[in-house]
């Protein structure tokens, strides 16, 4: 929901940085993999309750996720780049939630399972529509240029980042935050399924 607002404002600074990175020979996929490795490092940090360090890893991951796309637009988007980006993003998101389950399985495991369950809804509705959109040659996007066509909703990238940050800042409220965000994800899933049905029928 908030992605269009932030994408428009980050486009120019990311583009300028991407041009500099391209000039020194760093590839978009290298940024993607580096960001993933840093982000997934938050799991053991969370498990040991190093919340501030985990938050730093999460922020670096999200910055790299924005930067790799900007660099890819300079160097030319590739199928491999799009594949790595979406696959590693979903692993990262679920991994952070799993890290909180490791902190306190008795209190957090069920709520973490609910969030990961909701990610299956948002992820499958996202990817299934992308496949059908490619098959039908649907190329128009509401905003931006992505490797995959996707449907919007209440819970997109920006909202997920806010959720992860709040978890690190208020770990004792993990269960409440998880159930609220998981519910928002399911609303998003329903919206995407309805929109996909309307578009594809």
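The values are calculated or read from the model by the stated rules, or taken from the named source; none is laboratory data. Keep in mind that this is a model prediction, so the values were computed, not measured. Virtual Cβ from ideal backbone geometry, glycine too; neighbours counted across all protein chains shown.
The residues listed here are 90, 36; of these, the one that is touching a residue at least 12 places away in the same chain (Cβ under 8 Å), touching a helix residue (DSSP H, G or I) at 6+ places or on another chain (Cβ under 9 Å) and within 26 Å of residue 134 (Cα to Cα) is 90. Among residues of region 176-187 that are at negative phi and touching a residue at least 24 places away in the same chain (Cβ under 8 Å), those with a Cβ under 7 angstrom from a residue that is surrounded by 23 or more Cβ atoms within 10 Å (Cβ to Cβ) and in a helix (DSSP H, G or I), sequence gap 6+ or separate chain, pair up as 178/112; 178/115; 181/115; 182/115; 182/118; 185/118; 185/122; 186/118. Is it the case that residue 35 is modelled with pLDDT of 80 or more, part of a helix (DSSP H, G or I) and out of contact with any strand residue (DSSP E or B) (no Cβ under 8 Å at 6 or more places or on another chain)? Considered against the rule, which asks whether it is modelled with pLDDT of 80 or more, part of a helix (DSSP H, G or I) and out of contact with any strand residue (DSSP E or B) (no Cβ under 8 Å at 6 or more places or on another chain), residue 35 comes out as yes.
Of all residues in region 13-33, those that are in contact (Cβ under 8 Å) with a residue 24 or more places away in the chain and farther than 15 Å from residue 91 by Cβ total 12.
Among the residues of region 46-54, not a single one is more than 13 Å from the chain's Cα centre (by Cα) and either modelled with pLDDT under 90 or under 23 Å from residue 130 (Cα atoms) (or both).
Among residues that are part of a loop (DSSP other than H, G, I, E, B) and at pLDDT below 95, residue 21 is not included.
Criterion applied to 58, 43 was being modelled with pLDDT of 90 or more, assigned to a helix (DSSP H, G or I) and within 15 Å of the chain's Cα centre (by Cα), and the one residue passing it is 58. For residue 110, the conditions (1) out of contact with any helix residue (DSSP H, G or I) (no Cβ under 7 Å at 6 or more places or on another chain); (2) surrounded by fewer than 20 Cβ atoms within 10 Å (Cβ to Cβ); (3) outside any loop (DSSP other than H, G, I, E, B); (4) modelled with pLDDT under 95 all hold with the exception of (4).
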